[in-house]
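These notes concern the structure reproduced below.
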Amino acid sequence: MTPILETKNLTMEFGGLTAVGKMNFHVNPGEIVALIGPNGAGKTTFFNCVTGVYKPTSGDILISPNGKTQQRINGLKPNKVTEKGLARTFQNIRLFANMTVLENVMIGRHTKLKSGLMGAIFRPRSTLEEEQKVVQDSYEILIEVGLEQYVNELAKNLPYGAQRRLEIARAMATEPALLLLDEPAAGMNPQETKELDETIIKIRDVNKISILLIEHDMSLVMSISERIFVMDYGKLIAKGTPDEIKKDPEVIKAYLGDDDA
């Protein structure tokens, strides 16, 4: 099986600081994988390397959206990485606050549009039909994440948990092969987290999208992840199933908490 995402000895250095050190990692098609670790462990830096925000110091980032041939994406700009089939959300919500919920999702469709400048000026039938399809596709995504009732609301007026799901919906609009979620449950109450749990599983099952998430909510991580990778001080210290990670002494010491400490 060819991984959707694979990194080989991925390293990111800032001056004398190694934020990510020789990270070997992979996500298989159809998997939900979690990346966990203490604050400052290098998780978001890893995401930033994979999604083109940072160009890694060394190592390789390989993707295979079609599940066959691998492509090296080191140094590609974020928009080009998105076009290759990787989409992400961020720790801090980055919605267009004064645009409607539907408009926020429609923006995510821009990478799939074929109409160029001339189409925008002369408005031929093909452009109008394409725009209508964008509206319909975006609305269907809102239904999938349970936000259709907010379709014409401004994004800034949504409850916090709904804003988080809207960010996921906008990322889904790019039709990714891999969806990267950076602390999607941050700031959520237990009910919102439960709804998020159900949404993530539904996205994977219905759309056949692989999902990689960074998350501190261990109940969420343990309930939906098939495999978990653990980072500490920029290095990978453990990987395995949720049951294996729960019992790993290095993980208990570094992150989950040592009862004997």
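Only the coordinates and a few stated rules stand behind these numbers; no lab work does. Being a predicted model, the structure only gives us computed values, none of them experimental. Quick reminder, even Gly has a Cβ in these numbers, built from the backbone with ideal geometry, and neighbours come from all protein chains shown.
Some points to look at:
- The long axis of helix 125-144 is offset from the longest Cα principal axis of the chain by roughly 40 degrees.
- Evaluated with a Cβ-only charge set (Lys, Arg +1; Asp, Glu -1), the chain carries a dipole of roughly 1160 debye about its Cα centre, given to the nearest 20.
- Extreme residue, positive dipole direction of segment 5-256, given options Q91, Y160, V81 (C-beta unit charges): V81
- Compared with the dominant principal axis of the Cα atoms in the chain, helix 190-207 is inclined by about 70°.
- Against the main long axis of the alpha-carbon atoms of the chain, helix 160-172 sits at an angle near 80°.
- When peptides 65-72, 178-185 are ranked by their average number of other Cβ atoms within 10 Å per residue, the highest-first order is 178-185, 65-72.
- Its DSSP H runs of at least 4 residues, each contributing -39,500 (n - 2.57), put the calculated 222 nm mean residue ellipticity of the chain at -10500 deg cm²/dmol, to the nearest 500.
- Sorted into 5 angstrom bins from 0, the C-alpha pair distances of the chain split as 1, 6, 13, 16, 18, 16, 13, 8, 5, 2, 1, 0, 0, 0, 0 percent.
- R0 of 22 Å, Cβ-Cβ distance Q71-N28: FRET efficiency to nearest 0.05: 0.85
- FRET E, pair K235, Q132, Förster distance 51 Å, beta-carbon r, rounded to 0.05: 0.55
- Once both labels are positioned 7 Å from their Cα atoms along Cα-to-Cβ, the gap between D60 and K246 label points is 3.7 nm.
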